[in-house]
Amino acid sequence: MIELLQQYWQQYLWGSPGHWSGLVVTLWLTVASVVLGFALALPLAIMRVSTRPWLAAPVWLFTYVFRGTPLYVQLLICYTGLYSLEAVRATPMLNAFFKDAFNCTLLAFTLNTAAYTTEIFAGAIKATPRGEVEAARAFGMSGFILYRRILLPSALRRALPAYSNEVILMLHATTLASTATITDLLKVARNAASDYYLPFVAYGLAALLYLAITLGLVWAFQRAERKWLAHLRPVRSDAGAPRSV
Amino acid sequence: MVMRNFALVWLAVAAAVTAASGKDWKVIRFGVDPSYPPFESKAPSGELVGFDIDLGKALCAKLNARCEWVENDFDGMIPALRARKIDAVLSDMSVTEKRRQQIDFTDRISYSPTRMVAKAGSDLQPTAESLKGKSIGVEQGTVQETYGRTYLEPQGVKVISYQNQDQVYADLKSGRLDATLQDSIQAEYGFLKTPQGQGFAFAGPEIKDDKILGAAAAIGVRKTDGDLKEALNHALAELKKDGTYQKLAAKYFDLDPSAGPQP
C-alpha cells in the first residue's frame with residue numbers, strides 16, 4: 001500500500017506537465033463543461049420559455065434528446081461513433097476536432113449538462129412572480145432589459161439549489177471520461193489497482209478525492225446561497241429593526 | 001417460526017461455504033474477457049466462443065466438472081480471482097513474474113508473443129526511437145500496457161489504454177492510433193485476417209522481453225488452490241496426449257499454439 005502511494009500519488013493529483021492526470025483532469029473537465037454548459041444554457045433557457053414556437057421547439061427537442069439518453073451513450077457516439085464516419089474524417093476541421101479524445105469528451109459533457117441546466121433555468125424563469133414582471137413593464141422595461149434587470153437575477157437565484165446539484169452530478173459523471181481514454185481520477189485508480197492488485201486502496205483513494213471535491217463544491221454553493229438568497233433566510237424576530245405592532 | 005427460518009438461512013449459508021471450499025471441484029468458474037478472438041469472443045447469439053472456451057469445456061469434461069463462465073474486464077481478473085469471484089482465469093493471460101507474485105499458473109496452454117500492428121506498408125518499428133511522438137494503443141491491464149508504460153512512454157511515445165481490445169482496433173482503424181501492441185495470434189486471427197483488418201499488417205518483429213511480456217499463456221489459479229492447479233494440469237496433459245488439444249488448436253490456428261519454449 002505504501003508502495004502504491006509512493007508510485008501513484010503524483011498521478012492521482014496532477015501527473016506531470018504534458019501528461020496531466022487524476023484530480024487535475026477531473027477538475028478541469030468538470031469546470032470546463034459546467035462553464036461552457038452554463039454559457040449555452042442561459043440563451044437556450046430564454047428561448048425555451050419563449051411563446052414563439054420556432055424558438056421554443058428546437059430547444060425543447062435538444063433538451064429532450066440529451067436528457068432522454070444516457071450520457072454514456074452520448075459519449076460513445078461523440079467519441080467512437082462520429083469519428084468512424086468518413087465524412088467527419090474527410091473534413092479537416094472536424095477531423096482535427098474529433099481526433100482528440102478530450103474534445104469529444106468535453107463536447108458530450110457540455111451538451112449534456114447544458115440540456116439539464118437549460119431546463120433548470122427555464123423552470124426558474126417560468127416561476128417568476130407575475131407581479132415582478134408587471135411592475136417592470138409598468139416602468140417601461142421590455143425584452144432585453146427586462147431579462148437583464150428583473151427576470152434573470154431572480155431566476156438564477158431561485159435556480160441556485162437545483163443548479164448546485166447539477167454541478168455535483170456533473171463531477172460524478174466525469175468518471176465516464178476514462179472510457180474515452182482520458183486519464184481522469186478514475187482511470188488513474190484503475191491503473192493503480194491493476195498495477196498493484198489492491199483495488200480497495202486504489203479505488204478508496206479515488207473516492208476520498210471525489211469526496212474532497214464535492215465538499216469544496218458544497219461549501220462554495222452554500223456561501224453563494226447565503227449571499228444571493230439572503231432574503232429567504234429566516235430572520236430572528238428579536239434581531240434587527242423593532243417590530244411595528 | 002422466525003427462529004426456524006433463521007436456522008434454515010444459516011444452514012444454507014453453511015452449505016454454500018462448504019460448497020465453495022469443497023476439495024472436489026464440481027463447478028469451475030472461469031473468468032474470461034471476451035474481446036480477444038480467436039481465444040475468447042462473443043458470437044452474435046451472445047454465446048462465448050474461442051480456443052480458450054473450447055479448451056475450458058474440454059478440461060471440465062475431463063474433470064467431470066461443470067464450467068461456469070464469468071465475464072470480467074481483463075484488468076480486474078486477478079483481483080476477482082483473489083476475491084473468489086472466479087476460480088480460474090482462462091483469458092489468454094501471459095505468465096509473468098509480476099503476476100506470479102499474486103497468483104499461480106498451470107502449465108502453458110498457448111504460446112504467442114507480442115507484436116505490433118500498424119497500417120500496411122508503414123515503416124514503424126516497435127522501438128521507442130521509431131515511435132517517438134506517435135500514439136499506440138494497448139488494452140488495460142495487459143502485459144503490453146505495462147511494457148508500453150515502462151519502456152515507451154518515458155521516451156515520448158503516447159501510450160493509450162482501452163477497456164477492451166475491440167476499442168483498440170476501432171481507434172486504430174479510425175486513425176486516432178498509429179499502432180497497437182497485442183498478442184500476435186490475437187492480432188492475426190482476431191483482426192488482420194478479418195475484413196476489419198483490411199489495410200493493416202504486423203509492423204516489425206516479435207517483441208522479446210522475458211521480464212514484462214512473457215510469451216506463454218496459462219490458466220491462472222489461486223496460490224491456495226494447489227489441488228485445482230494439479231487437476232487442471234493433469235487434464236491438460238491428457239488432452240494433449242489424446243489429441244483433443246491439437247484438434248481444438250487446429251480449429252482456430254494454422255500453427256501449433258503450444259510451439260516454443262516452456263515457461
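Overview of values
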read-out: Unsatisfied cross-links (Cα-Cα over 32 Å) in the set B:Lys85/B:Lys173; B:Lys85/B:Lys193; B:Lys193/B:Lys240; value: B:Lys85/B:Lys173; B:Lys85/B:Lys193
read-out: Heavy-atom SASA rank of B:Asp166, B:Asp33, B:Asp210, B:Asp54 (probe 1.4 Å, accessible area, largest first); value: B:Asp210, B:Asp166, B:Asp54, B:Asp33
read-out: Check: the range B:114-207 dipole with +1 on Lys, Arg Cβ and -1 on Asp, Glu Cβ, in debye; value: 220 debye
read-out: For the range A:32-67 and the range A:150-169, distance of Cα centres in Å; value: 15 Å
read-out: Cα gyration tensor shape for chain A, rounded if a/c is under 1.5, else prolate or oblate; value: oblate
read-out: Within 10 Å of each Cβ in A:190-202, the average number of Cβ atoms from other chains; value: 5
read-out: DSSP-assigned coil residues among trypsin sites (Lys or Arg not before Pro) in the range B:161-208, each with at most 15 further Cβ atoms within 10 Å; value: B:Lys193, B:Lys208
read-out: Lys/Arg +1, Asp/Glu -1 at C-beta; the protein assembly as shown dipole; positive extreme among B:Gln165, A:Ala114, A:Ala159; value: A:Ala159
read-out: Cβ neighbours within 10 Å from other chains - mean over A:17-30; value: 0
read-out: Chain A: most fluctuating residue of A:Val25, A:Val167, A:Val235 per GNM, C-alpha cutoff 10 Å; value: A:Val235
read-out: Choice from A:Ala159, A:Ala224, A:Ala87 with maximal GNM fluctuation in chain A (Cα, 10 Å cutoff); value: A:Ala87
read-out: Cα-based shape type of the range B:115-159, given that a ≥ b ≥ c are square roots of the gyration tensor eigenvalues and the cut on a/c is 1.5; value: oblate
read-out: Candidates per chymotrypsin sites (Phe, Trp or Tyr not before Pro) in the range B:128-194, loop by DSSP, up to 12 other Cβ within 10 Å; value: none
read-out: Heavy atoms of A:Thr91 accessible to a 1.4 Å probe, total area in Å² rounded to 10; value: 60 Å²
read-out: Considering only the protein assembly as shown, percent of DSSP beta bridges that pair antiparallel, nearest 5; value: 60 percent
read-out: Whichever lysines have a C-alpha closer than 28 Å to that of A:Lys227, once near sequence neighbours (fewer than 8 apart) are set aside; value: A:Lys126
read-out: C-alpha long axis of helix A:53-68 to longest principal axis of chain A, angle in °; value: 40 degrees
read-out: For chain A, with +1 on Lys and Arg beta carbons and -1 on Asp and Glu, the positive-most of A:Ala90, A:Ala127, A:Met47 along the dipole; value: A:Ala127
read-out: Candidates B:Gln101, B:Gln125, B:Gln163, ranked by Gaussian network fluctuation over chain B, Cα under 10 Å, top entry; value: B:Gln101
read-out: Under Karplus coefficients 6.51, -1.76 and 1.60, residue-wise ³J(HN,Hα) of the range B:96-104 in Hz, glycine/proline x; value: 10, 4, 5, 5, 4, 5, 9, 9, 10
read-out: With Cα atoms, 0 to 90° folded angle of helix A:199-228 axis to chain A main axis; value: 20 degrees
read-out: Given charges at beta-carbon only (K, R positive; D, E negative), |dipole| of the protein assembly as shown in Debye; value: 2320 debye
read-out: Set B:Lys26/B:Lys229; B:Lys62/B:Lys229; B:Lys42/B:Lys251 screened for pairs whose C-alpha atoms are more than 21 Å apart; value: none
read-out: Of A:Tyr72, A:Leu146, A:Phe102, farthest towards positive along the dipole that unit charges on Lys, Arg, Asp, Glu beta carbons give the range A:23-183; value: A:Leu146
read-out: Inter-chain Cβ neighbour average for residues A:77-89, partner chain, 10 Å; value: 2
read-out: Degrees separating the helix A:152-173 axis from the principal Cα axis of chain A, which is the longest one; value: 20 degrees
read-out: Cα centroid separation, the range B:160-210 to the range B:41-112 (Å); value: 22 Å
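The values are calculated or read from the model by the stated rules, or taken from the named source; none is laboratory data. Just so we're clear, the structure is a prediction, and the values are computed from it rather than from any experiment. A quick note on method: Cβ atoms are made from the backbone with ideal geometry, for glycine too, and the neighbour counts reach across all protein chains shown. When the accessible area is computed, the model is the full protein with side chains, heavy atoms only, and any ligands, DNA or RNA have been set aside. Shrake-Rupley method; radii C 1.70, N 1.55, O 1.52, S 1.80 Å.
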